[in-house]
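Report on the following structure.
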Amino acid sequence: MDMLAAVVDTYSIDDLHWAIWGAQAQAETSSSGEKIDGVRTLRWEETVKGLVGAPAKAANAVGRWKQEGWAGDVSQTLQPRPFFDRLALRLEALMYEISQSPRSKETAPIRFVFQRLASLGLFSHRPTSLHSPSPSIPPALLPRLLSHLHPPVDSPIPPYPASFLPSIFLPLPSSTLASVTASLLQHLVYHLPAPSAPILPNRPDSRVKRSVEVLTRIIGPPEIGGEAWDAVIMAMINGKRNGSAMDEREHALTRMAVAWVGTGGEKAANAFIDAIMEAWTDRKYVKFALYGQQFHLTHLLILALSLLPPYHSRLVSLSHRPRFLHALQSYLAHPDASIRRLGMLVAETVSEMTIPDEPESSVAGKDDEIEELKAGLEIDEETEIWDGVGQGRDEARWLRSIIGVRDGDAVLEDDPEGKVWLLGWDEVPKAARSPESNTTPGPSVQRGRTSSPKRPPKPKSQPKIVMLTDEQMDDPLEGYTNPSPSSSRSPSPTPSHLEEIASDPSLALDGAQKKKVTRPVYVGQLAALLKERESPEHLEMALKWGESLVRAKRNFGTELAENAVTVTTLSIGLNDPFHLDEFDKLRQGLVTALVACAPRQVAPFLAEQYFNSQYSLQQKSVMLTALAMGARELAGMKVPEPQATRKIDFPSKTLPPALHKKYVGPTDLPPALGGQRKAGEEEHPELAREKRLRVGPKRRTMVAEQGSLAARQADERAAQPHSPVVPFAEVAAEYFIMPLINRFWQHFQDIGIRESRAVVAGNRFRGAGAGMVMSAMALEKLLMTLSLMLHAARHSPVFLAVLSPEALELGLTIGLRHPNKPEDHLIEPESGENGGETPRAEAQVLGAALELALVALDGAAELDQGRTMAMDKPELVLAVGEWASGVFDVESKGGMVAAGQGGREGRIRAGAAAVVVKVAEVGEKWGISVCPGCDD
């Protein structure tokens, strides 16, 4: 490493150049007498590649050695920033030495060095800080280069020849030249604006003119279609610009580029305006470009238009171009007021530079009444829309002040010492400057014009305050009530006046500012609508089209899978403070569609969120219903439609339900339309024949060749409504049933731990929503959901080994927590705290547990006659049989289970009997001892 640092420090780029291209090497010839330029070129290229790659190779070697335990570091000489700064200084010294020698035309070796440096990304678009480790060539190259371009007057050192630097840069490849030019433009103007001496927008600046001359000495004058022309056009129109509209360095860059084009004359100005107009009038650019980009392009366009004199034929033809007129319409239709003002500003500028002012005689001959009206209202047509703050008004006033400014007209002061020609880069080596852009807002100056004279302001004929006459003072204020003599309050508006204001459409500010809610097209838009919980329009639109959108995106990429959990969370957490129509039905349909169309993402998420205490019982019911209905849909089973609520009469006009059913017969009901049609068809057979011929949807049989595109499309349309995203048998265990069962056991264990700790502490655990999952209503809903999903998952590969035993164990555990009791040990319903509600709810839980056990046993018996259940889990089967037998014994002896049937007479008895029968069948088939009481 030390040897490499010593070699790099000893042999710089100029030493290597003269060793290969010097006079001694040039005198060498081959044995045939021919020059060996090709060999020297190859040698030079390999030398340059090795030299500029030395820091990277050293860093890679040090990194590898440090992994092996080496404690050293890269030498200061081989660190990227010092290495390339020193390389840039020696390269500039080599360039200047060659320029003053007879071999000034041999610039190919220097050009290759710049090409290699540009390929490494060392020509950054933004100057880097001196403390930054990132290397950059222009900050180290420009101070020496600028001092040699314009040396002091009394200096014996001659400047660079005018054509030397362009001969180096212009033959570079177009992509390399564009990168070098863009970096050069940014660095030349970097130190032009100063806090103590900003660049004023409404007057030419000599600093910009000096930077233009420096740019011309480096890349040459503007030639339409030339290499320098294309590079500058690409950097200014298609290059990366700073997003800040009021960045002084960006303003200086724009003015330098326009002034450089202005040195090419009127022809160059016309071509430059056409190139800018091509981008400024692009409709996609107007619609999608950011405001900062459009501001800089508009700034460039206004300065380019100022290169031509007013009423120029080119400007007149430009104002009549259809593309320009259509672009103005696009700007005026833009939703951003700042961008609209940019379009209005360009339209005003072009019109004032192409339409001559009217003579004073014609102005004086206008209608006096209109003039007095304008004067009385104090309307200033020229500054009305530009006054104020915000929405681009400040920037628009700043742009209006630059119209007609040409930096080429600035007067250059004498600089015998040559410090001004350094463009501020003389101070960089002495003090480190921050690369942060000095963004200061431009002064809000009034519009200044140098291209066309401004009309003198018209005298205001009407005063601001007008004294009322006696007749006007006697008339009361229209629309306001006369104030009471004893009251000091101002008069109030009359109701008729308020109604007139409310009915005026021009004053409907809320309606004008309210944006129309559009139908969501993407799932991300649906999520954005659901987040607007304070807007009923957004919620209604999301619920109305949410289910159809989710089902439409079911097989459309990964959009639904990526946003399904977000939409599910927002849908479950919705409330109905606005009393939307069919809110519960639409929300349930949306969550069910999410489960059916994205089961792998939504089903485990709902199983987890069900045991979250932040949701209400109604929201938990939505989760379970979505899981059950989504499982049936994936299994290809029929999903029941919710029953429509039938409109009934007012209760005072009807009898109690039992008496109403007893006394109201079919003859008392109004005849239905279907009954009338049926009677008419029986009396007139031709009506039935006409119905068969005409009534019903027309079914058109499509005939298509087998294997053709029409046949495949027909098959897809026929199979699309019935094909689930994934068969339920594949996802039932992993994503639906087992997550719900496992989450329940975890919650059950947490409850047991909390209760045990509460007993030790001597108090009762109370938590908001913590016991809601274990309430009777929630347990019944959970068991019913598991029963439906277990029934739909009987074709799952793990139904016999995993699903059926787990569900049976869960049903047994919950059933035993609500035990059967003889009649003499029961508490009377009237003596309970809640008037009998608790025993009735426990009976519902017991009935649901028996139904879950029955579904598990019935599925096992249907698939393999209960063999797997009897052989693998005989204890569980016997425990379920004993539990069901005990429940059935209590019912058979006339007792009540859990203090009542909960309004569902016979449910528990029938469920217990069915479970006992299934257990007996399984035990008899596979020879296990059945429960006691099964023989009865």
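Take the conditions (1) out of contact with any Lys or Arg (no Cβ under 6 Å at 6 or more places or on another chain); (2) open to solvent by 10 Å² or more (accessible area, probe 1.4 Å); (3) in contact (Cβ under 8 Å) with a residue 40 or more places away in the chain; Ala289 misses just one of them, which is (3).
Taken over segment 77-95, the criterion of being in contact (Cβ under 8 Å) with a residue 12 or more places away in the chain, surrounded by fewer than 20 Cβ atoms within 10 Å (Cβ to Cβ) and not charged (D, E, K, R) is satisfied by Thr77, Gln79, Pro80, Leu89, Ala93.
Tyr311 meets the conditions (1) surrounded by fewer than 18 Cβ atoms within 10 Å (Cβ to Cβ); (2) within 31 Å of the chain's Cα centre (by Cα); (3) not basic (Lys, Arg) in every case but one. The failed one is (2).
Per-residue answers, yes or no, for (1) over 25 Å from Leu172 (Cα atoms); (2) among the aliphatic types (A, V, I, L, M); (3) at pLDDT 85 or above:
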{"residue": "Asp9", "(1), (2), (3)": "yes, no, no"}
{"residue": "Val39", "(1), (2), (3)": "no, yes, no"}
{"residue": "Ala58", "(1), (2), (3)": "yes, yes, no"}
{"residue": "Val62", "(1), (2), (3)": "yes, yes, no"}
{"residue": "Lys66", "(1), (2), (3)": "yes, no, no"}
{"residue": "Gln79", "(1), (2), (3)": "yes, no, no"}
{"residue": "Pro82", "(1), (2), (3)": "yes, no, no"}
{"residue": "Phe112", "(1), (2), (3)": "no, no, yes"}
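Can you confirm whether segment 585-595 contains a residue that is open to solvent by 10 Å² or more (accessible area, probe 1.4 Å) and either free of Cβ contacts under 8 Å to residues at least 12 places away in the same chain or among the polar types (S, T, N, Q) (or both)? Within segment 585-595, one or more residues are open to solvent by 10 Å² or more (accessible area, probe 1.4 Å) and either free of Cβ contacts under 8 Å to residues at least 12 places away in the same chain or among the polar types (S, T, N, Q) (or both).
What residue, among those in segment 289-348 that are part of a helix (DSSP H, G or I) and hydroxyl-bearing (Ser, Thr, Tyr), is farthest from Glu278 (Cα to Cα)? Give the steps one after another, and end with the answer.
Narrowing segment 289-348 to residues part of a helix (DSSP H, G or I): 291-305, 313-319, 322-332, 337-348.
From what is left, the residues that are hydroxyl-bearing (Ser, Thr, Tyr) are 291, 298, 313, 317, 319, 330-331, 338.
Numbers: Tyr291: 18, Thr298: 12, Ser313: 19, Ser317: 15, Ser319: 14, Ser330: 14, Tyr331: 15, Ser338: 21 Å.
If we take residues in segment 289-348 being part of a helix (DSSP H, G or I) and hydroxyl-bearing (Ser, Thr, Tyr), then Ser338 is farthest from Glu278 (Cα to Cα).
Scanning segment 765-782 for residues that are in contact with an Asp or Glu (Cβ under 9 Å, 6 or more places away or on another chain) and at pLDDT 85 or above turns up at least one hit. If you go through segment 82-113 and pick out every residue that is farther than 18 Å from Met1 by Cβ and in a helix (DSSP H, G or I), you end up with 21. Looking only at segment 895-913, filter to residues that are farther than 19 Å from Ala853 by Cα and either open to solvent by 50 Å² or more (accessible area, probe 1.4 Å) or of a type in the set (Val, Ile, Thr) (or both); which one of those is modelled with the lowest pLDDT? Checking each candidate, the answer is Gly903. Residues that are β-branched (Val, Ile, Thr), open to solvent by less than 10 Å² (accessible area, probe 1.4 Å) and under 25 Å from Arg144 (Cα atoms) are absent from segment 257-277.
Restricting attention to segment 534-575, and to residues there that are of a type in the set (D, E, K, R) and touching a Lys or Arg at 6+ places or on another chain (Cβ under 9 Å), which single residue is surrounded by the fewest Cβ atoms within 10 Å (Cβ to Cβ)? I'd like the intermediate steps shown before the answer.
Narrowing segment 534-575 to residues of a type in the set (D, E, K, R): 534, 537, 540, 544, 547, 551, 553-554, 559, 562.
Pick out the ones that are also touching a Lys or Arg at 6+ places or on another chain (Cβ under 9 Å) and you get 537, 544, 559.
Working: Glu537: 14, Lys544: 18, Glu559: 12.
Per the criteria, the residue is Glu559.
For Phe578, the conditions (1) of a type outside the set (D, E, K, R); (2) open to solvent by less than 80 Å² (accessible area, probe 1.4 Å); (3) more than 23 Å from Ala635 (Cα to Cα); (4) at pLDDT 90 or above all hold with the exception of (4).
Every residue, every condition in (1) of a type outside the set (Lys, Arg); (2) within 29 Å of Arg207 (Cβ to Cβ); (3) modelled with pLDDT of 70 or more; (4) part of a loop (DSSP other than H, G, I, E, B), yes or no:
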site	(1), (2), (3), (4)
Ile370	yes, no, no, no
Glu382	yes, no, no, yes
Glu427	yes, yes, no, yes
Ala431	yes, yes, no, yes
Ser437	yes, yes, no, yes
Ser444	yes, yes, no, yes
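The values are calculated or read from the model by the stated rules, or taken from the named source; none is laboratory data. Since we're looking at a predicted model, the values are computed, not measured. As a convention, Cβ positions derive from the backbone with ideal geometry for all residues, glycine included, and neighbour counts pool all protein chains shown. What goes into the accessible areas is simple: the full protein's heavy atoms, side chains included, and nothing from ligands, DNA or RNA. Shrake-Rupley method; radii C 1.70, N 1.55, O 1.52, S 1.80 Å.
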